[in-house]
Amino acid sequence: MSPPLKPEEILEGLLRLDPTLRREPYYGERALFYNPGGRAPLGTIFCSIKDRDGPNDKASRLSRPGVYRFAFEMSAATFERRFGPPPRRPPKGGQLALPDHDLTRVNVLTPHPVYGWMRWAQILAPTAERFEDLRPLLAESLALVREKFERRPR
């Protein structure tokens with residue numbers, strides 16, 4: 001297996017998808033937001049990278065050397081086709097019960113352990129080849145983000 005991409009390689013590559021994406025720190029993560037014309041304080045989140053466990057987010061064991069989470073939203077149809085119906089929202093500060101998924105495996109797409117109920121997915125430390133496989137999902141995700149942004153009250 002080839003080595004994982006560096007988080008910066010992912011972010012820099014995705015920033016080239018759309019000139020209105022901008023990078024922002026977000027709750028200790030590195031995130032890309034869609035925000036044409038700077039019309040919103042942050043915009044609509046497109047994806048994030050997190051490289052350490054948090055108090056309510058330890059299921060993926062991100063504190064292992066070289067492991068980080070790349071996360072993004074999926075459409076309802078795509079999420080359901082890949083993972084089944086979204087799990088129920090956990091209590092505040094809780095993690096999802098996802099017994100059918102090993103959330104610690106690198107280079108494998110799974111539901112996000114906290115935001116899977118919102119149809120977010122994660123992949124830990126993807127290789128370049130695996131990331132290429134994600135491109136259609138990321139294009140779909142960016143289209144969702146654009147739609148959400150345009151529906152925002154102005």
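Just so you know, all these numbers are worked out from the coordinates, no wet-lab data involved. Here the structure is a predicted model, which is why all the values come from computation and not from measurement. Because the Cβ atoms are built from the backbone with ideal geometry, glycine has one as well, and the counts that use them run over all protein chains shown.
Structure data summary
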{"quantity": "Under 28 Å from K58, Cα to Cα: lysines that are on another chain or at least 8 residues apart", "calculated": "K6, K50, K92"}
{"quantity": "Distance in nm between pseudo-label sites at R39 and E80 (7 Å out along the Cβ direction from Cα)", "calculated": "2.9 nm"}
{"quantity": "For the chain, size of Cβ-based charge dipole, Lys and Arg +1, Asp and Glu -1, in debye", "calculated": "520 debye"}
{"quantity": "Under 12 Å from the Cα of K148 - aspartates and glutamates, other chains or at least 8 residues apart", "calculated": "E73"}
{"quantity": "Sites K6 and E150, calculated FRET efficiency, Cβ-Cβ separation with R0 30 Å, nearest 0.05", "calculated": "0.40"}
{"quantity": "Given (1) 8.2; (2) 10.1; (3) 9.2, the label whose value is mean projected area of the Cα convex hull in nm² derived from this model", "calculated": "(3)"}
